[in-house]
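Colleague: Here you go, one structure.
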Amino acid sequence: MSAEVISESTSAAEFWAGVRVGFPVTVASAPFAVLFGALAVENGFTVAEATLMSAAVYGGASQMVGIELFGQSIAPWLVVLSIFAVNFRHVLYSAVLGRRVGHWPILQQAVGFFVLTDPQYAEAERKGEAGETVSFAWYMGMGAIIYVPWVIESGLGAFFGSLIPDPHAIGMDFLLPIYFIGLVMGFRTRAYWLPVVAISAAVSIVAFNVVGSPWHVSIGAAAGILFAAALPVRPGKLEVGPGAQEGADL
């Protein structure tokens, strides 16, 4: 068997491995995508506009903020800034993920960062911490199984949304947050996990009541980051790069 055939076979296996990892996310995000489509049409979007927004913006929470602000007497720059505030965490995700995908060509990195989501980041980081290489095939397998259904389901929600009398009343909007809580819990073995999460949550709640949405997302995240940066590094837990092993000497 030639090296090219082996490489293609390995890439295909990694792609489908990524699909398997991403499939639960697809199931969890489906009601949220349908809900977005229904609410978008309810707020004056056409089916095509709602679907295009999911395809271009591709950020559930920021899309929800956008449809609430569009059509109101708000300056366009404020709408863009509000969406940026919700998505600011992706700047942090990209900075961390960059050390995992630095071996990719620049075009692949651009595509990879476009499909970057919360679970995509969490799974890639978990894979890197286990000492495994984050390959483009694996990453895109996970990305594709989340992105394509998200766009399709948004369109279906926009088209058939009128059949759902009150999506909030049946709890459709709460399924994805439950999944995100599971993601956060997956990192609970990390040093200082509990105090960092507690500080971030507390500040976010205060900011929500004082400043309002969507700014509480970025403010809470910034508080958690600053608190974590101020904490001392535990001996034996220093990570020096992709695949770095725990127990490295300081």
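Values in this text are rule-based calculations from the coordinates and carry no lab data. This one's a predicted model, so the numbers in the text were calculated from it and none came from an experiment. Quick reminder, even Gly has a Cβ in these numbers, built from the backbone with ideal geometry, and neighbours come from all protein chains shown.
Colleague: Working out 0.36 nm times the residue gap between Ala144 and Leu163, then minus their Cα-Cα distance, what length gain in nm do you get to one decimal?
Modeller: Numbers: separation 19, 0.36 × 19 = 6.84 nm, distance 2.83 nm.
Length gained, Ala144 through Leu163: 4.0 nm.
Colleague: What order, most packed first, do the peptides 27-40, 101-114 have when packing is the mean number of other Cβ atoms within 10 Å of each residue?
Modeller: Numbers: 27-40: 22.5, 101-114: 13.3.
So the order, starting with the most tightly packed, is 27-40, 101-114.
Colleague: Something else now. For Val184 and Thr10, FRET efficiency with R0 = 41 Å and r from the beta-carbon atoms, rounded to 0.05?
Modeller: Values: r = 32 Å, r/R0 = 0.78.
Computed FRET efficiency for Thr10 and Val184 comes out at 0.80.
Colleague: Using θ = phi - 60° and the Karplus relation 6.51 cos²θ - 1.76 cosθ + 1.60, list the HN-Hα couplings for the range 195-206 in order, rounded to whole Hz, with x at every Gly or Pro.
Modeller: Taking θ as phi minus 60°, the curve returns x, 5, 5, 5, 5, 4, 5, 5, 5, 5, 5, 4 Hz for the range 195-206.
Colleague: How far apart, in nanometres, would the label points at Gln108 and Val80 be if each is projected 7 angstrom from Cα along the Cα-to-Cβ direction?
Modeller: If labels sit at Gln108 and Val80, their model points lie 3.3 nm apart.
Colleague: Which FRET efficiency, nearest 0.05, do Phe23 and Ala56 yield, Cβ-Cβ r, R0 22 Å?
Modeller: Details: r = 24 Å, r/R0 = 1.09.
The value I calculate is 0.40.
Colleague: Can you tell me the FRET efficiency between Glu42 and Val210 if r is taken as the Cβ-Cβ distance and R0 is 45 Å, rounded to the nearest 0.05?
Modeller: Working: r = 29 Å, r/R0 = 0.65.
E(calc), rounded to 0.05, equals 0.95.
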